[in-house]
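Report on the structure given below.
Coordinate-derived values only; no laboratory data. Being a predicted model, the structure only gives us computed values, none of them experimental. Glycine also receives a Cβ, built like all others from the backbone with ideal geometry; neighbour counts cover every protein chain displayed.
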Amino acid sequence: MIKIFKNLLNICNKKWYNPTKDMDRGGIKLYRALEVARYIINYANDNKMIISNLKLQKILYFIQLEFLIKNAKRQCFSDEIEAWDFGPVVPAVYHEFKKYGALGIPKITYIYDDSNGLFNIKKVPYESNIIEKDREIINDVVNECSKYSASQLVEITHNQSPWINAYASGKNSVITIPSLINFINSIPGEKING
């Protein structure tokens, strides 16, 4: 019985988010959306910007678009974006910060590290592992999005084909990377090379 339980735990641990490990595909760093979200939250707080969960979700969407444009089809993060009623949402990030409702999310000072399994979770100081080049792209998107309210960002995403084509009421359909690339390539003067 204990062996079965340990096997189930190992399977669960592989599926659960590990905040200390990002994906590396062929030497290219691919982050987890939760890591990017934590960086965004701290950057916003450090720069006197208020960021709600709703606004955070739209910023993640725009960051994914910007990475695809600037990095020849390279995504910023590996998590899927879904088309929800109020625009694009990364479910894992939404659930992590939904406790704040429409309020601003405070600065992240620590995280829980479960890299050694569920029974060995540690509270550790938060330090971003996002490289400088990627931080610059993220910062630019956050700065641009800070000019708009969360509801304005929702309206913008509701008028873009990736959300329009994926959205089905009550279904939370995935906004695919190919749909983001097609959208970018439909914008005059924007083409993804590579």
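The aspartates and glutamates whose alpha-carbon is closer than 15 Å to the alpha-carbon of Lys98, local same-chain residues fewer than 8 away aside, do not include any residue. Amide H contacts for Ser173 (H built 1.01 Å from N in the peptide plane; partners 5 or more residues away or on another chain; cut-off under 5 Å): Ala83, Ala168. Whole-Hz Karplus values for region 125-132 come out as x, 7, 9, 5, 10, 7, 6, 4 Hz, taken residue by residue from phi with 6.51 cos²θ - 1.76 cosθ + 1.60 and θ = phi - 60°; glycine and proline positions read x.
Measuring nothing but alpha carbons in region 43-194 and taking Rh as the Kirkwood radius, the Rg to Rh ratio lands at 0.97.
Going from the fewest other Cβ atoms within 10 Å to the most, the residues Phe119, Phe77, Phe62 appear in the order Phe119, Phe62, Phe77.
Given axes a ≥ b ≥ c from the Cα gyration tensor, I'd like to know whether region 62-137 is rounded (a/c under 1.5), prolate (a/b larger than b/c) or oblate. Since a/c reaches 1.5 but b/c is at least a/b, the shape of region 62-137 is classed as oblate.
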